[in-house]
Ligand code: ALA
């Protein structure tokens, strides 16, 4: 069979080893826990700087696109609950070449999310340290190469290696700790609302779209406008795969998964829009858009330094769980791709005693640490979005192909109105992709241009299916 058409057989749901113990409130907590992180706590500043008060529309658009993709994810996740998420679904539905391309895009997504969240975290943690009288610069300049300043972000590197160390020792987020941190993360945002809303001034909402409704390039290389804001703030919404990976443990997957995924999207969209509106109403967006800890800054400027410290403290403790989830996801993707023979098989090797993949964890941590110093938070998050948008498009396409090719296969969860939702996800993701700035799109295609020869020279011959 031609290489592009080799398809990984769909592994039907196995007979249950895992106990079905999770109900929809657990899945909601899992979803909100994986989604709420650096996006709303840190990136909102840059998003508001790009969109102006219209950031609330940016949140609504990004949330709707993400919810459509999430619904497609849920059907495929329950249909083939094997690890590897979008990579595995596209390998089975669209063939090996597309599977590889999606896996390659996911490597970009996961690593870059780790970097972005670590940079977002460093903004809050340096604020907390300053509160304790300790000054750690967020960026240290190392030198200059071809007119481009090279930096390191010491705090981001610190947190990436702490989390990598925990993963190597075999730490997984426990459901119990996750629930506490989710409540803390949401409570800190509600505290923000309680302080910012009384200072609400509607006049700060005019003009509503100072940079226009679309996405317009500027001389500095960033884009501005409400859709440019949506393309960047899309970052704040993903992480819901955490819910789909729990499919096998859901008591009633058809109902609980839908509530878990759609519910966490609805909660996050509404919460984010409220935070966006409260932030804009409380302070001129030009002031907080340049801050590394915008939520804490606004509260401090309203004369509540203790509350700012609480919010900074919660963000410092809770945001690393998002790093944990994505770094873990990255090692899983490497593991499955190596097991399929598309990456060196040694990458799927785990340490004999610890049972964890040390090599790929350290490799990822090193790459993420370098990235954290090279680009700004907005640039890193945009790059992660490019990889994610590509993967979401492939997932929605896979859903439609499998509905036609395998109509009779068991689907514990069926995407409602699939023939509307899946095309909407594709069009929405393409639109957000096109609204990213040019530098990001170029970086994404450079990454892809490296991936295709890697596949042709290596994976295409070595793949487990090619050996059959
Ligand atoms: N949605 C995740 C965050 O905002 C990636 O941190």
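The numbers here are math on the coordinates, done by the rules we state, and not lab data. Keep in mind that what you see is a predicted model, and the values were worked out from it rather than measured. In this analysis, Cβ positions are derived from the backbone assuming ideal geometry, glycine residues included, and neighbour counts consider all displayed protein chains.
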Checklist line | Relative contact order (%) - the chain, alpha-carbon pairs under 8 angstrom, separation at least six | finding: 33
Notebook entry, point to check: Expressed in nm², what is the orientationally averaged projection area of the convex hull enclosing the Cα positions of the range 18-86?
Noted result: 6.1
Item checked: the range 254-371: radius of gyration and largest Cα-Cα distance (Dmax), Å -> 20.4, 58
Check: When the distances between all Cα atoms of the range 62-167 are binned every 5 Å from zero, what whole-number percent does each bin get?
Finding: 2, 10, 12, 14, 15, 12, 12, 10, 8, 4, 1, 0
Item checked: Binned Cα-Cα distances of the chain, short to long, each 10 Å bin given as a whole percent -> 4, 21, 32, 27, 12, 3, 0
Check: Computed over the Cα atoms of the range 409-468, what is the ratio Rg over Rh, Rh following Kirkwood?
Finding: 1.17
Checklist line | Per-bin percent of Cα-Cα distances, the range 323-468 [10 Å] | finding: 9, 26, 36, 25, 4
Notebook entry, point to check: Once fully extended, how much extra length lies between residue 140 and residue 199, figured as 0.36 nm per residue of separation less the alpha-carbon to alpha-carbon distance?
Noted result: 17.6 nm
Margin query: Whole angstrom only: what separates the Cα centroid of the range 206-221 from the Cα centroid of the range 63-124?
Written below: 29
Checklist line | Inter-centroid distance (Cα atoms) of the range 376-407 relative to the range 432-449, Å | finding: 14
Notebook entry, point to check: Mind checking the angle between helix 305-318 and the chain's longest principal axis? C-alpha axes, 0 to 90 degrees, to the nearest 10.
Noted result: 10
Margin query: With Kirkwood's inverse mean 1/r over C-alpha pairs for Rh, give me the Rg to Rh ratio of the range 110-240, two decimals please.
Written below: 1.02
Check: Taking the range 176-271, how much of its Cα-Cα pair set, in percent, is spaced more than 17 angstrom apart?
Finding: 70
Check: If one takes the longest principal axis of the Cα atoms in the chain, at what angle in degrees, from 0 to 90 and to the nearest 10, does the Cα axis of helix 154-168 lie?
Finding: 40
Notebook entry, point to check: If you average 1/r over all unlike Cα pairs in the range 349-400 and invert the result, what Kirkwood radius do you get in angstrom?
Noted result: 13.6
Notebook entry, point to check: What angle, in degrees between 0 and 90 and rounded to the nearest 10, separates the Cα long axis of helix 438-454 from the longest principal axis of the Cα atoms of the chain?
Noted result: 20
Item checked: Most to least packed among 110-118, 439-447, 305-313 [average Cβ atoms within 10 Å] -> 110-118, 305-313, 439-447
